[in-house]
Amino acid sequence: MGWLRRKQEQPKQESVQLTGRVRRPKRRKIMLQQRPIERHLDDPVVIAVANRKGGVGKTTTSVNMATTLARMGHPVLLVDMDSQGHSTSGLGVERSEIEGTILDVLLGLGTAEDVLLASDLPGLDLIPANVDLSRVNVELVEHPERELQLRSALAPIKDYYDFIFIDTPPSLGLLTVNSLVAADRVLIPLQCEYFALEGIKDLVGIIKVVSDNLNPDLRVEGILITMYERTPLSIEIADEVRDHFGRTVLRAAVPRDRRVAEAQSMGVPIATYDMGSNGSQAYIRAANELRRKYMR
Ligand SMILES: Nc1ncnc2c1ncn2[C@@H]1O[C@H](COP(=O)(O)OP(=O)(O)O)[C@@H](O)[C@H]1O
Ligand SMILES: [Mg+2]
């Protein structure tokens, strides 16, 4: 791949930063062909985690569902489709460790396997993103198949995984559309606050457009209530959401738990940071609900 060659031709960088801190060694490249397929599901499931609103727990849910299911023994891939790169940093992958990103894949400059990184947790791989991803709209605008890029890129590697989670940005632009076209299911994190349902209405609209035109098999996997608090407002909105969407809403709700935010800022998923915490336990319940639907 051209871009890969270009990177390799660059002179090796100093491994010691000016601060004197020793950099972590580059993450191991993954050679999928040399890895046995260890799936526990008949078919891989690709789940886009989406909500037009920012700060509702998309990234936290992507990172923690992926981590929890990997801990349960499933081979899992997390695809970071947000230029904020919070899923990437949330798995502890540092900027200096990234050689290629999802942008290279979407632009056809590299394959998904070229940019795949192993996380610190066995069974969990990552396709990272960084701020460059914000260029994607400009660079792909004239591409005739711009909405299909992620789907085509994931096709050759899908069979190595039980679950592929795609963390999407807080917008309904090209990155989210690519994610919905690549996905079989959409998991919608919902924070119990005013206007929570408004953001979902738009999302449901775009899911319908995508399923009518580009991906007829796309379905809503579920709504996961996040940052739940025992306040009258939170309780009222959760009740309203459950009345309105019925069994689409997962029974597990993730409570607001400061350990979750702490873990995130340290680049460690809560499932690894503090397995006994309320947040972690809720993600275990949610992951069990989800995987039960797909187990043989
Ligand atoms: N259950 C939770 N308890 C406490 N803080 C949380 C919880 N879930 C997410 N957060 C925090 O809320 C903020 C927004 O979450 P994030 O997952 O980044 O949302 P999004 O990806 O939708 O923008 C982050 O700072 C995150 O650490
Ligand atoms: Mg996010």
Q. If amide H atoms are built 1.01 Å from N in the plane of the peptide, which residues on other chains or at least 5 residues away come under 5 Å of the amide H of GLN191?
A. THR226
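Starting from the Kirkwood Rh over alpha-carbon pairs, what translational D in µm² s⁻¹ does the stretch 229-289 have by Stokes-Einstein at 25 °C and 0.890 mPa s? Mind dumping the intermediate values first?
Numbers: Rh = 12.6 Å.
In µm²/s, the coefficient is 194.
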Q. Out of GLY222, GLY246, GLY92, any idea which swings most in a Gaussian network model of the chain, alpha carbons joined below 10 Å?
A. GLY246
Q) What does the stretch 112-271 give for Rg and for Dmax, in Å, if only its C-alpha atoms count? A) 17.4, 49
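Quick one: order HIS244, HIS74 by neighbouring beta-carbon count within 10 Å, fewest to most. Please list the in-between numbers first.
Numbers: HIS244 12, HIS74 24.
Lowest to highest Cβ neighbour count: HIS244, HIS74.
For the chain, what does -39500 (n - 2.57) per DSSP helix run (n ≥ 4), summed and divided by total residues, give at 222 nm, in deg cm²/dmol to the nearest 500? Walk me through the numbers on the way to the answer.
Values: 13 runs with 115 residues, N = 296.
Using -39500 (n - 2.57) per qualifying helix, the result is -11000 deg cm²/dmol.
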(Q) How many angstrom lie between the Cα centre of the stretch 235-257 and the Cα centre of the stretch 113-152? (A) 32
Q) Taking the Cα centre of each part, how many Å lie between the stretch 42-106 and the stretch 183-197? A) 17
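Translational diffusion coefficient, Stokes-Einstein: compute it for the chain using the Kirkwood radius over C-alpha pairs as Rh, at 20 °C and 1.002 mPa s, and state it as an integer in µm² s⁻¹. Present the calculation step by step, with values, prior to reporting the outcome.
Working: Rh = 19.5 Å.
Calculated translational D: 110 µm²/s.
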Q. Of ALA112, ALA48, ALA263, which has the largest mean-square fluctuation in a 10 Å C-alpha GNM of the chain?
A. ALA263
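Find out how many positive minus negative residues lie around GLU236, taking Lys and Arg as positive, Asp and Glu as negative, among other residues whose Cβ is under 12 Å from that of GLU236. Please report the intermediate quantities before stating the final value.
Values: positive: ARG230, ARG242; negative: GLU193, GLU229, ASP239, GLU240, ASP243.
Net charge in that neighbourhood comes out at -3.
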Q: Take each complete run of DSSP H in the chain, measure how far its Cα atoms stretch along the helix's own axis, and keep only those covering 18 Å or more with mean Kyte-Doolittle hydropathy at least 0.5; list them.
A: 196-213
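Fewest to most neighbouring Cβ within 10 Å: what's the order for LYS53, LYS158, LYS58, LYS29? If you can, show how the numbers build up before the last one.
Details: LYS53 20, LYS158 16, LYS58 27, LYS29 13.
The most exposed by this proxy come first: LYS29, LYS158, LYS53, LYS58.
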Q: List the relative contact order of the stretch 39-292 as a percent without decimals, with contacts defined as Cα pairs under 8 Å and 6+ residues apart.
A: 26
Q. With Cβ to Cβ distances under 11 Å as the rule, what net charge do the other residues near LEU107 carry (K, R +1; D, E -1)?
A. -1
Q: Among SER134, SER96, SER234, determine the one that fluctuates most according to a GNM of the chain built with springs between C-alpha atoms less than 10 Å apart.
A: SER96
Q) What list of ³J(HN,Hα) couplings, whole Hz, do you get for the stretch 51-56 from phi and the Karplus terms 6.51, -1.76, 1.60, once you set θ to phi - 60° and write x for glycine and proline? A) 5, 5, 7, x, x, 9
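Rule-based calculations on the coordinates, nothing more; no lab input. All of these numbers come straight from a predicted model, not from anything done at the bench. With ideal geometry, Cβ positions are generated from the backbone for all residues, glycine too; neighbour counts draw on all protein chains shown.
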